Amino acid sequence: MQIKKGVSVLKNGKLVAFPTETVYGLGTDAENDDAVLKIFEMKNRPMFNPLICHFKDIDAVRQQAVFNKDAEKLAAKLWPGPLTIVMNKNKKCTVSNIASSGLRTIACRIPSNPIARDLLEKFNGIIAAPSANISSRLTATSKKHVVKNFGKKIFIIDGGTSEFGIESTVVDLSQETPRILRPGAIENKIIKEILPNLIENDDNNMPIKSPGQLYKHYSPNIPLRLNVKDVKKNEVLLNFGKNNLKSRIKEINLSINSDLREAAKNLFKFLYELDNKKYSGIAIAPIDNKGMGIAINDRLKRAAFTE
Ligand code: AMP
Ligand code: MG
């Protein structure tokens, strides 16, 4: 029932929020300029930050993008799944130029979440979908979060809590050397095993190619302090693992056993819970910068960014 309504909303050029295995997406028909514009409006997203296009299968991607050898390898091993591949558009590409911010490349993903797949299958088109949150704000990992962001203005397909809780890994294969543009739900090392010449970026060397990575992102309404050694009087604590940190007001632990996957899954949910103007800020415990911790720390650094 939800899928049927979702398909008709998409066919009418409107927006639908839907679950994926990473986070909730705010989707629309990727080939309809007016529909795509509505996404930028609704999210207050800068027009220079392109959207990820979601496809039902690899043949549908082939109709829009040029696969090189690396793309064939990654797609065979990691699709469907939380991997976005940036590829050159092919000559017949019909995706809206607005969705790709006028670039000659296109960001492609085949999600594995059964609801997302069913929606794509029955819509039988391409869904452009960024995360279902207001630009620069906390990412939504449940229907409740989407409602918090957009109220009742859009149709939402409920798929429970997101499996990974953190966005897809974005890999650029549009040039000679493969490069991570955004660390995410698939750990860099898994991609490096398939593509040994992969370049993993650090923050100081962020390519202009991924415009969405350049500014404040994923932010709650109150300030964040990272890698804290102590907690201030009016701060709440987002803890990780076992340590001596204590908040006088409130504390939530991302993972008592220092499990980074569990921490990723809890990250945005707990940030929503702690994001309350009655606190002076959120103190965040150090989180190991390896495996999934790389994506978690990437999000936290941007969330803590102040102009
Ligand atoms: P979001 O949809 O909010 O999860 O963000 C999508 C991410 O993919 C953003 O960081 C975009 O900048 C990036 N992206 C989308 N399309 C492209 C593209 N053609 N080239 C480079 N990065 C892209
Ligand atoms: Mg986003």
Determine which member of the set 172, 158 is among the acidic types (Asp, Glu), within 16 Å of ligand 1 (Cβ to nearest atom) and modelled with pLDDT of 95 or more. 172
Would you be able to tell me the number of residues in region 84-126 that are within 16 Å of ligand 2 (Cβ to nearest atom) and either of a type in the set (Lys, Arg) or touching a Leu at 6+ places or on another chain (Cβ under 6 Å) (or both)? 2
Somewhere in region 248-257, is a residue assigned to a loop (DSSP other than H, G, I, E, B), at pLDDT 95 or above, touching a Phe, Trp or Tyr at 6+ places or on another chain (Cβ under 7 Å) and closer than 27 Å to residue 163 by Cα? yes
Does any residue in region 39-57 that is over 23 Å from residue 117 (Cα atoms) come within less than 6 Å, Cβ to Cβ, of a residue that is aromatic (Phe, Trp, Tyr) six or more places away or on a different chain, and which pairs are these? 47/40
Could you grab me the full set of residues in region 25-74 that are under 20 Å from residue 111 (Cβ atoms) and of a type in the set (Val, Ile, Thr)? 28, 36, 39, 52, 58, 61
From 61, 36, which residue is of a type in the set (Val, Ile, Thr), within 16 Å of ligand 2 (Cβ to nearest atom) and crowded, with 20+ Cβ neighbours inside 10 Å? 36
Checking residue 148 against (1) surrounded by fewer than 17 Cβ atoms within 10 Å (Cβ to Cβ); (2) more than 16 Å from ligand 2 (Cβ to nearest atom), which test does it fail? (2)
Filter pass, residue 141 being over 21 Å from residue 50 (Cβ atoms), hydroxyl-bearing (Ser, Thr, Tyr) and within 15 Å of ligand 1 (Cβ to nearest atom): yes
Please specify each residue of region 184-222 satisfying the condition of being assigned to a loop (DSSP other than H, G, I, E, B), within 14 Å of ligand 1 (Cβ to nearest atom) and at pLDDT below 95. 201, 206, 207, 208, 209, 210, 214, 215, 216, 217, 218
Across (1) in a helix (DSSP H, G or I); (2) farther than 20 Å from residue 300 by Cα; (3) in contact (Cβ under 8 Å) with a residue 24 or more places away in the chain, residue 145 clears everything bar (2)
Go through region 223-279 residue by residue and tally those that are surrounded by fewer than 17 Cβ atoms within 10 Å (Cβ to Cβ), aliphatic (A, V, I, L, M) and out of contact with any strand residue (DSSP E or B) (no Cβ under 8 Å at 6 or more places or on another chain). 1
Output the residues belonging to region 157-176 that are touching a residue at least 60 places away in the same chain (Cβ under 8 Å), more than 16 Å from ligand 2 (Cβ to nearest atom) and out of contact with any Gly (no Cβ under 9 Å at 6 or more places or on another chain). 158, 159, 160, 161, 163, 171, 172, 173, 174
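The values are calculated or read from the model by the stated rules, or taken from the named source; none is laboratory data. Bear in mind the structure is a predicted one, so any value in this text is a computation, not a measurement. A quick note on method: Cβ atoms are made from the backbone with ideal geometry, for glycine too, and the neighbour counts reach across all protein chains shown.
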